[in-house]
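The next block holds one structure in the form of structure tokens; read it before the comments.
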Amino acid sequence: MSDLGGRFASGDEEAFTQVIERYSRKVYALCYRILRDEEDAKDMAQEVFVRVYSKRTSFRGRSSVYTWIYRITLNMCFSQLKKRKATMIPLDDVERTLTAPRVDDESKQAELERLVSRALGGLPAKQRAVFAMRFYQRMTFREISEVMGTTVGAAKANHHFAVEHLRRILGEAREK
Amino acid sequence: MMADEHPARDDLIDFAEGETSPERSKQIEAHLEFCKSCRSYVASVEKTLSFLGMDTVPEPSPGYWAYFEQRVRERVRPQHRPLIFALASGLAAAAAVLVLLWWLPQARVPHMQSTEIIMAEMTTGEILDVISESPYASLVLLGAAEEDIRQVETYLAETEDVYDLVDQLSGAEEESFINSLRESMQENESKRIEGTQYLIPGDGIRYCAPLVPLGKGC
């Protein structure tokens, strides 16, 4: 177990502060990438650290603190998505966005950003999580598989599905 | 790979992301020289990835970060639960496990001792319920491989969220996703306990008859 991990698991308050300093921004970013809502992500990031604190003595050091926190983050975000009961934006809605009239370059750019955001929000939750960890947080597939509790192959497959799904949706956008 | 052989799309995605080995990259580049459809696919993945780079995470106000730890700590101050409640919930959990252990072999399939037969008669929903109620006992009863049970124990020790665990064991839809899991399980097959059933993450839980190779009898 790493020094920080050991102190953290033994209930050292200073170590918990360090854990927050080191990982809170990354956790917030991951929450946002999965939940696609700023306020929800802000609340969720705090909830994650409340959970991390309450579970810290059960951290065994079999994985890194980082992996352990990410696993908690994913589980909590997935639960939140289930509560929302709407993890997918219907494709029809995305397509409707694509046909919105374009006025000038600035609005075209804004439209594209909105489209990208909606396309990401339309991914199934696990693909969204894997894609976020891989593409935006530059994690290796091995790290992702440890966080997800799956094989490296499964993490890769989820990533490839996500890329293909996004390619299809954004490709249609370009054609229109 | 022969230059006229189309690479798999997974390979092309890896190539577009710069994740293929130098040797593989050379092979793919040679193929792209004359294959218009693969070239167009790679270009379309590259374009997609460049669009996705536009997606940014909104930065919360400085106040959010300044008070982040304070707000977390306010939430984690110890809340004392009356001892009687703690005792009652502990006893209830223990009782539930005992009832479950009794109920599985006795009530579902009288006169049969074989776990395989018991599980074969249960629906996926019932099995998920059993795992949710008592993950340790039911995984042992299901004959999960020792390695898997250890993984589950690690997971539960760290999160203690059984429903999330169950969700991870099910829920995937894509055929090739399931296949990739199967392949990985086949690699580990030698480590598994012979003559037992395995939990297969995929679209629900499937069962294999004893000693039937994974991927064929499920």
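The values are calculated or read from the model by the stated rules, or taken from the named source; none is laboratory data. Because the structure is a prediction, the values reported are computed rather than measured. Every residue, glycine as well, gets a Cβ built from its backbone with ideal geometry; the counts of neighbours run over all protein chains shown. Quick note on the areas: whole protein, heavy atoms, side chains included, nothing else; ligands and nucleic acids left out. Shrake-Rupley method; radii C 1.70, N 1.55, O 1.52, S 1.80 Å.
The table for this structure:
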| quantity | calculated |
| --- | --- |
| Order of exposure, largest accessible area first, which applies to A:ASP43, B:ASP14 with probe 1.4 Å | A:ASP43, B:ASP14 |
| Estimated FRET transfer efficiency when R0 is 45 angstrom, pair A:ARG62-B:PHE34 (beta carbons, to 0.05) | 0.35 |
| Theoretical FRET efficiency, 1/(1+(r/R0)^6), r = Cβ-Cβ of B:GLU23 and A:GLU172, R0 30 Å, to 0.05 | 0.30 |
| Over 26 Å (Cα to Cα) - which of A:LYS55/A:LYS156; A:LYS82/A:LYS156; A:LYS42/A:LYS126; A:LYS108/B:LYS26 fall in this group | A:LYS55/A:LYS156; A:LYS108/B:LYS26 |
| B:GLU17, B:GLU74, ranked by accessible area, largest first (probe 1.4 Å) | B:GLU74, B:GLU17 |
| Net charge of Cβ neighbours under 11 Å - reference A:ARG7; Lys, Arg +1; Asp, Glu -1 | -3 |
| Two-site FRET efficiency, A:GLU38 against B:GLU5, from Cβ-Cβ distance with R₀ of 45 Å, rounded to 0.05 | 0.45 |
| Inter-label distance, nm, simple model (7 Å from Cα along the C-beta direction), B:SER50/A:ARG114 | 2.4 nm |
| Test item: B:7-17 mean partner chain Cβ contacts at 10 Å | 3 |
